[in-house]
Amino acid sequence: MLGVAEDKGRKEPSELHKNTGVAIMLEEIPIFSELPSTDLEAISSHAKVKTVPKNTIVITEGDESSSLYVIMNGKVKVYLSGEDGKEVVLNMQGPGEYFGELALMDAMPRSASVMTLEQSQFSIISKEDFQDCLSRNPEIALRLIQAMAKRIRALSEAVRNLALHDVYERVSVLLRTMATDLDGELKIEQKLTYQDIANLVGASREMVGRIMRELIVGGYIEVDNRSFTLKKRLPTHW
């Protein structure tokens, strides 16, 4: 009986599908968007895809690991924590965004912790693979610097918000900053709980809940399945 020769170099369909999905995702990220398809395929072929349950710490502040994480689906929070257990949330990220890029540029420990807020899937790119790609495409360095500068500006604005504004003003600034114009309405596409907002503005959930309820009753905000629509200009003061 004749058999079919095994092609040991051939990838399994699931692996090919995985690599294609990673390449497509990378193409949507600004720092990789202009890479030749050959480089995208090379990076995606080495990337490790990992699914992580909700409420799992992905990286910890002070860790020595050095990989770039691209979020394929799910949601994470980037945060700092003190010895007393208090947290300061620096950012929340979703599909198409990434974290861990600082570890690719220097040999320093992780500067913040990252935890999943829902089950998430990541494409993990090693420092060696990223630097190999960088050596062939030095323009990536400029795009990475631009992205990092944007994050620094956002962080500076967050610090200003915490230092100079009361809780209502911090909530108001956050909502306006996150809202985007969709078909003539200001909507926050990212699903948020009151606890998420509280963590982002450095306040208690109870205080944020009181503010949000009054904004809803006043017709300033409409909530549908944790999605917010800003119906009219928010009050200057609460």
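Rundown of residues vs (1) in the same structural domain as Met148 (by TED's automatic domain parsing); (2) in contact with a Ser or Thr (Cβ under 8 Å, 6 or more places away or on another chain); (3) assigned to a strand (DSSP E or B); (4) not β-branched (Val, Ile, Thr), yes/no style:
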| residue | (1), (2), (3), (4) |
| --- | --- |
| Leu40 | yes, no, no, yes |
| Val58 | yes, yes, yes, no |
| Gly62 | yes, no, no, yes |
| Tyr79 | yes, yes, yes, yes |
| Asp84 | yes, no, no, yes |
| Val89 | yes, no, yes, no |
| Gly96 | yes, no, no, yes |
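Looking at (1) surrounded by 16 or more Cβ atoms within 10 Å (Cβ to Cβ); (2) under 17 Å from the mean Cα position of the chain (by Cα), which one does Ile43 not meet, given that it meets all the others?
Every listed condition holds for Ile43 apart from (2).
Just the residues that are assigned to a strand (DSSP E or B) and of a type in the set (D, E, K, R), please, taken from region 175-202.
Here is the first cut: in region 175-202, the residues assigned to a strand (DSSP E or B) are 180-182, 185-188.
If the condition is that a residue be assigned to a strand (DSSP E or B) and of a type in the set (D, E, K, R), then Asp181, Glu185, Lys187 are the ones that fit.
Taking the residues in region 64-77 that are among the small types (Gly, Ala, Ser) and not in a strand (DSSP E or B) as candidates, determine which candidate is modelled with the lowest pLDDT.
Restricting attention to region 64-77, the residues satisfying the condition of being among the small types (Gly, Ala, Ser) are 65-67, 74.
From what's left, not in a strand (DSSP E or B): 65-66, 74.
On the way: Ser65: 74, Ser66: 77, Gly74: 94.
Once the filter is applied, the top-ranked residue is Ser65.
Quick check on Gly100: is it of a type in the set (Gly, Ala, Ser), farther than 20 Å from Ala23 by Cα and modelled with pLDDT under 90?
Details: of a type in the set (Gly, Ala, Ser): yes; farther than 20 Å from Ala23 by Cα: no; modelled with pLDDT under 90: yes.
No.
If you check every pair at least six apart or on different chains, which have Cβ atoms under 6 Å apart with a residue in region 52-65 that is of a type in the set (Lys, Arg) first and a residue that is surrounded by fewer than 15 Cβ atoms within 10 Å (Cβ to Cβ) and assigned to a loop (DSSP other than H, G, I, E, B) second?
Lys54/Glu118; Lys54/Gln119
Please find, within region 114-140, the residue that is surrounded by the fewest Cβ atoms within 10 Å (Cβ to Cβ) out of those that are in a helix (DSSP H, G or I) and under 20 Å from the mean Cα position of the chain (by Cα). Even if it seems obvious, please write down each step before you answer.
Filtering region 114-140 for residues in a helix (DSSP H, G or I) gives 127-136, 139-140.
If we keep only those that are under 20 Å from the mean Cα position of the chain (by Cα) as well, we get 127, 130, 140.
Working: Lys127: 16, Phe130: 23, Ile140: 20.
It comes out as Lys127.
Which of the residues belonging to region 164-208 are free of Cβ contacts under 8 Å to residues at least 40 places away in the same chain, closer than 17 Å to Lys231 by Cα and polar (S, T, N, Q)?
Within region 164-208, Thr177, Thr180 meet the criteria.
Identify the single condition in (1) within 21 Å of Asp132 (Cβ to Cβ); (2) touching a helix residue (DSSP H, G or I) at 6+ places or on another chain (Cβ under 6 Å); (3) buried (at least 18 other Cβ atoms within 10 Å of the Cβ) that Met72 does not satisfy, given that it satisfies every other one.
Here Met72 clears every test but (1).
Before we move on, is Glu28 within 21 Å of Leu142 (Cα to Cα), loosely packed, with under 14 Cβ neighbours inside 10 Å and touching a residue at least 24 places away in the same chain (Cβ under 8 Å)?
Numbers: within 21 Å of Leu142 (Cα to Cα): yes; loosely packed, with under 14 Cβ neighbours inside 10 Å: yes; touching a residue at least 24 places away in the same chain (Cβ under 8 Å): yes.
For Glu28, the condition - within 21 Å of Leu142 (Cα to Cα), loosely packed, with under 14 Cβ neighbours inside 10 Å and touching a residue at least 24 places away in the same chain (Cβ under 8 Å) - is met.
Tell me whether region 203-223 contains one or more residues that are within 22 Å of Ala154 (Cβ to Cβ), modelled with pLDDT under 90, more than 19 Å from the chain's Cα centre (by Cα) and assigned to a loop (DSSP other than H, G, I, E, B).
Yes: one or more hits.
The values are calculated or read from the model by the stated rules, or taken from the named source; none is laboratory data. Please read these numbers as outputs of a predicted model, since none were measured by experiment. In this analysis, Cβ positions are derived from the backbone assuming ideal geometry, glycine residues included, and neighbour counts consider all displayed protein chains.
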